[in-house]
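The values are calculated or read from the model by the stated rules, or taken from the named source; none is laboratory data. This structure is a prediction, so every number in the text was calculated from the model and none was measured. Virtual Cβ from ideal backbone geometry, glycine too; neighbours counted across all protein chains shown. We work out accessible area using only protein heavy atoms, side chains counted, and drop any ligands, DNA or RNA first. Shrake-Rupley method; radii C 1.70, N 1.55, O 1.52, S 1.80 Å.
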Protein chains: 2
Amino acid sequence: MIRHVVMFTWTPEATGEQKAAVPAELAKLPGEIPQIRRYEYGPGINPGNRDFVLVADFDSPEDFLTYRDHPVHRAFIEKCIDPIAADVARAQYVLPG
Amino acid sequence: MIRHVVMFTWTPEATGEQKAAVPAELAKLPGEIPQIRRYEYGPGINPGNRDFVLVADFDSPEDFLTYRDHPVHRAFIEKCIDPIAADVARAQYVLPG
């Protein structure tokens, strides 16, 4: 299994509506992209740390790349993430088992 | 459930031995800190992204704090992380279910 982890810091100008759209739209992606095995995300609960986290699991590196480049995923990033992301930290690692 | 996610970027000077000590020492922590429910970590596999990721799950915010401040955990950070960490990104979020 491959785990993809992303942490977002929002811009100071990001509105509550824009921030709320992120989990609302993420909820639709597993129905559109069958390569997603687990998809667990939420707003950071401790001020001073990152604002939002996504943890996504895939069966293989190829499935992760299919997800990464999927048009529905790219459209989500362009619409919901790019306008409010001040910083994005990413990594992928091999999940045991 | 509370999920704690941490991503590390190592310094250019970090040695292979120092980097290998991180997962080797992390493997000991669940045996020492019973509040840890899940503990999944590994080196980042894509150059240009973060170098190491840890995803840790706890039953409650209190259990997370017990872990965070546990002497065994603090000793691990001081010995293995602080000497080689160029950047650390952290967040905690509520895990559904």
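Just a few scattered comments:
- Summed side-chain charge close to A:Asp51 - residues other than A:Asp51 whose Cβ falls under 12 Å, Lys, Arg +1, Asp, Glu -1: +2
- Within segment B:2-94: Cβ-based charge dipole about Cα centre, in debye rounded to nearest 20 (Lys, Arg +1; Asp, Glu -1): 160
- The protein assembly as shown, accessible area per residue, ligands and nucleic acids excluded (1.4 Å, Å²): 49
- Pairwise burial B:A, computed as accessible area of each alone minus the pair, summed, 1.4 Å, Å²: 2100
- Peptide B:50-56, shielding by other chains (average Cβ, 10 Å cutoff): 4
- Helix A:16-26 axis, angle to chain A major axis (alpha carbon atoms, nearest 10°): 10
- Residue-averaged [θ]222 nm for chain B, counting only DSSP H segments that reach four residues, each worth -39500 (n - 2.57): -8000 deg cm²/dmol
- For chain B, averaging the sequence separation of C-alpha pairs within contact (under 8 Å, six or more residues apart) and dividing by the residue count gives a relative contact order of 50 percent.
- Placing unit charges on the Cβ atoms only, positive for Lys and Arg and negative for Asp and Glu, gives the protein assembly as shown a dipole magnitude near 160 debye about its Cα centre.
- Rg/Rh (Cα only; Kirkwood hydrodynamic radius) as it applies to chain A: 0.96
- Between the alpha-carbon centres of segment B:3-50 and segment B:65-86 there is a gap of 11 Å.
- For chain B, built as a Gaussian network whose Cα springs stay under 10 Å, the top-fluctuating residue of B:Val53, B:Val22, B:Val72: B:Val72
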